[in-house]
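Novice: My structure is below; once you've seen it, I'll send some questions.
The values are calculated or read from the model by the stated rules, or taken from the named source; none is laboratory data. From a predicted model like this one, the values you see are computed outputs, not experimental measurements. Here Cβ is always computed from backbone atoms with ideal geometry, including for glycine, and neighbour counts include all displayed protein chains.
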Amino acid sequence: MPFITFEGADGSGKTTHIQQLATFFGQQGRPVLVTREPGGTKLGNEIRAMVLGDNERNVSPMAEMLLIAAARAQHVSEVLQPGLAEGKLILCDRYIDSSLVYQGVALGVGLDLVANINNMVVDGLWPDLTILLDVPPEVAYERSILMRRQADRIESRGLAYYRQVCAGYRLIAQKWPERIKVVDANRPVATVHRDIRRVVSSIL
Ligand SMILES: Nc1ncnc2c1ncn2[C@@H]1O[C@H](COP(=O)(O)OP(=O)(O)OP(=O)(O)O)[C@@H](O)[C@H]1O
Ligand SMILES: [Mg+2]
């Protein structure tokens, strides 16, 4: 069964569309596993709290990248590999590409370094398909602000940061065009959902 990841800036609609797709496949009787990074495991949730939680730790970009990679290693062995072995269709909210964009590009750790480390970390488990929900940074920023009472540490970096993130995603979509499919997410949810279903069905 395929392993599909969803990427895009905060507020691009990843959670919305994963839920809709899971509902759709559930109605078809297809076994689906929905999971997310960082998190998805107990260790991952603890790391998520360390990285996103508060400003007191002042986590350096390299430390942030390595902590998230550690959470990913745990997620691969504890959730993703067993799920695939059970024949489930996996829908994962963020994965390697988030590290490439957030730590590699936006925080300046470097794309090649992050790609190399993650390649080792995931034990060969690259996604079969990655849906990149593409929205202008202003739209992502506004949707996130509307959604939350309090921005987490990464989101509080502001609109300039969203611009870097959106540009970073476009960069990696050009680098891996076979795996990463860009969907224009600046349209009504139902329209975006229809396009996502079309892309996903092409690999099922
Ligand atoms: N196509 C759309 N048009 C209008 N609003 C949308 C659209 N897609 C999602 N939204 C709304 O934008 C907000 C953010 O969506 P969602 O939580 O799915 O994004 P996300 O990518 O999961 O964000 P995060 O990375 O912060 O978890 C929600 O309030 C959602 O209802
Ligand atoms: Mg979400």
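Novice: Using beta carbons and a limit of 9 Å, which pairs, at least six apart or on different chains, have the first residue in the range 145-164 and polar (S, T, N, Q) and the second one at pLDDT below 60?
Specialist: Ser156/Gln150
Novice: Run Gly39 past the list (1) over 21 Å from Gln74 (Cα atoms); (2) within 13 Å of ligand 2 (Cβ to nearest atom); (3) at pLDDT below 95 and report the number of the one that doesn't hold.
Specialist: Every condition holds for Gly39 apart from (1).
Novice: Please verify whether the range 110-123 includes one or more residues that are surrounded by 19 or more Cβ atoms within 10 Å (Cβ to Cβ), at pLDDT 95 or above, within 16 Å of ligand 1 (Cβ to nearest atom) and under 16 Å from the mean Cα position of the chain (by Cα).
Specialist: no
Novice: While we're looking at this one, here's another question. Give the residue, chosen from Glu46, Glu78, that is of a type in the set (Asp, Glu), over 19 Å from Gly158 (Cα atoms) and touching a Lys or Arg at 6+ places or on another chain (Cβ under 9 Å).
Specialist: After ruling out the rest, the residue left standing is Glu78.
Novice: Related question: Does the range 158-186 hold any residues that are of a type in the set (Gly, Ala, Ser), exposed (fewer than 15 other Cβ atoms within 10 Å of the Cβ) and in a helix (DSSP H, G or I), and which are they? Before you say what the answer is, go through the steps one by one.
Specialist: First pass over the range 158-186, keeping only residues of a type in the set (Gly, Ala, Ser): 158, 160, 167-168, 173, 185.
Among the residues that remain, those that are also exposed (fewer than 15 other Cβ atoms within 10 Å of the Cβ) are: 158, 160, 167.
Scanning the range 158-186 gives Ala160, Ala167.
Novice: Answer yes if at least one residue in the range 18-27 is surrounded by fewer than 20 Cβ atoms within 10 Å (Cβ to Cβ), touching a His at 6+ places or on another chain (Cβ under 6 Å), touching a residue at least 60 places away in the same chain (Cβ under 8 Å) and polar (S, T, N, Q), and no otherwise.
Specialist: yes
Novice: Which fully enclosed helices (runs of 4 or more DSSP H) of the range 1-101 have 1 or more residues being in contact with a helix residue (DSSP H, G or I) (Cβ under 9 Å, 6 or more places away or on another chain)?
Specialist: Details: elements: 14-27, 42-52, 61-75, 81-85.
So the answer is 14-27, 42-52, 61-75.
Novice: Now for a different question. Just one of Gly104, Gly44, Gly39 is surrounded by fewer than 21 Cβ atoms within 10 Å (Cβ to Cβ) and touching a residue at least 24 places away in the same chain (Cβ under 8 Å); which is it?
Specialist: Exactly one of Gly104, Gly44, Gly39 is surrounded by fewer than 21 Cβ atoms within 10 Å (Cβ to Cβ) and touching a residue at least 24 places away in the same chain (Cβ under 8 Å), namely Gly39.
Novice: Kindly list the number of the only condition in (1) within 16 Å of ligand 2 (Cβ to nearest atom); (2) more than 21 Å from Trp176 (Cβ to Cβ); (3) among the charged types (D, E, K, R) that fails for Asp93.
Specialist: (2)
Novice: Give me a count of the residues in the range 4-17 that are hydroxyl-bearing (Ser, Thr, Tyr), under 21 Å from Glu142 (Cβ atoms) and crowded, with 24+ Cβ neighbours inside 10 Å.
Specialist: Summing the residues that are hydroxyl-bearing (Ser, Thr, Tyr), under 21 Å from Glu142 (Cβ atoms) and crowded, with 24+ Cβ neighbours inside 10 Å in the range 4-17 gives 1.
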